[in-house]
Structures are given as structure tokens and as C-alpha cells.
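Comments concern the structure below.
The values are calculated or read from the model by the stated rules, or taken from the named source; none is laboratory data. If you're wondering where the values come from, they're calculated on a predicted model, not measured in any experiment. So basically every Cβ, Gly included, is an ideal-geometry build from the backbone, and we count neighbours across all protein chains shown. Ligands, DNA and RNA are excluded from the accessible area calculation, which covers all protein heavy atoms including side chains. Shrake-Rupley method; radii C 1.70, N 1.55, O 1.52, S 1.80 Å.
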Amino acid sequence: MIINRNAVVIIPKQAFFDWANMVFPDDPTNPDDYLDYNTYLIPAESDIEDPEEALADFWEFIFENELFDISTDDSDWPEFLTWDLFKQFFKWHFSSIVTDLVENPFYSEN
């Protein structure tokens, strides 16, 4: 199956873990223990060679979603979510090809 999307895997950097550990110091988050990264689908025509352009319409949602995974209380979040802070908190990898190796039918949930 081919879909008209690119994938972007968001990988937290040390600044993200520093923030998470400041919010929950009694339950530290260690980068070595963080094995499950979120993947987002973006338009296939996104210019993945220019991350700021490719993520222009999505980085704020992604940022909020990643923060929400740590704390559902947005008062714990950094006061201003900016592209520069996003780059400090995350690195990313794009993929223009996703191959489904599972034989059962693909489905989506809203």
C-alpha cells in the first residue's frame, strides 16, 4: 500500500529530558530508557530537505503532543513554544517511504 504522506520520527534531546526531570524530579526520565518515539505523517510534498519548511504547519502540534506525553498540565510546559526551543528539545528523521509488512488490512481510527 502506498499513501501520500511522509513520516517524521521525533526524537527527544537532552533538553527535553532536563525539562521532564524538572517537572517530575521523583520519577526521572533517562534518555537510555526512552525507546518509543512518536511518528507523525505529513504531506508527501513536504520539502524534507528543509525541516523548518516541512514542519512549519505541524511543529507546534508535535511540540504540544510530546510535552503532553510527559505532563497533561500545560502549566508545567515551557512558557513560550518556539521553533528554536523545538530544535533544542528534539531532533527528527524524515522518511518518504514506509513499507507495511503486515498482511492484515490497514485501518485508521479518528
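Observations
- Two-decimal log10 I(q)/I(0) for region 42-87, as the Debye equation yields it once each C-alpha is a single scatterer, q = 0.21 Å⁻¹: -0.72
- In a reduced charge model with +1 at each Lys and Arg Cβ and -1 at each Asp and Glu Cβ, the chain shows a dipole moment near 320 debye about its Cα centre.
- Helix axis angle, 14-23 relative to the chain longest principal axis, alpha carbon, degrees: 50 degrees
- Overall Cα dimensions of the chain, principal axis frame, Å, largest first: 44, 32, 27
- SER108 accessible area, 1.4 Å probe, all protein chains in place, Å² to nearest 10: 100 Å²
- Mean ellipticity per residue at 222 nm, deg cm²/dmol - from DSSP H runs of n ≥ 4 across the chain, formula -39500 (n - 2.57): -8000 deg cm²/dmol
- Filtered GluC sites (Glu not before Pro), region 1-70: DSSP coil and at most 13 other beta carbons within 10 Å: GLU45, GLU49
- Highest-fluctuation residue, ILE48, ILE11, ILE97 considered, GNM on the chain with Cα pairs under 10 Å: ILE97
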